[in-house]
1. Checking GLU8 against (1) in a loop (DSSP other than H, G, I, E, B); (2) charged (D, E, K, R); (3) modelled with pLDDT under 70, which single condition isn't satisfied?
2. Answer yes or no as to whether ALA43 is outside any loop (DSSP other than H, G, I, E, B) and at pLDDT below 70.
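The values are calculated or read from the model by the stated rules, or taken from the named source; none is laboratory data. Small disclaimer: the values here were computed from a predicted structure and weren't measured.
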Amino acid sequence: MEVKAFREKYETKRGGVSVKKHLVRYLMISVLMLALTGMISSAFAFGTNPYKPNPPKPPKSVAEPATLALVGAGIVGVGVYFYVKRKNKK
């Protein structure tokens, strides 16, 4: 194959980016995915045992009911505020 024909075939612009750049991009993405998969699998291999899971630990502290009521009232208040604001716009 002639050099000119080779360049026309493999280095033509498709969508503004050459085929060579696409190949380099896909190669880099595949290497990155392979590295991330290896890191994740090694973290699971050394950090956990899927055949003998650790028993769940009880929580160290539980929120008081008054705190939960205040948080709930705040969320409801924000919802009412936006409802009234949207209703007044119309």
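1. All conditions are met except number (1).
2. Criteria met by ALA43.
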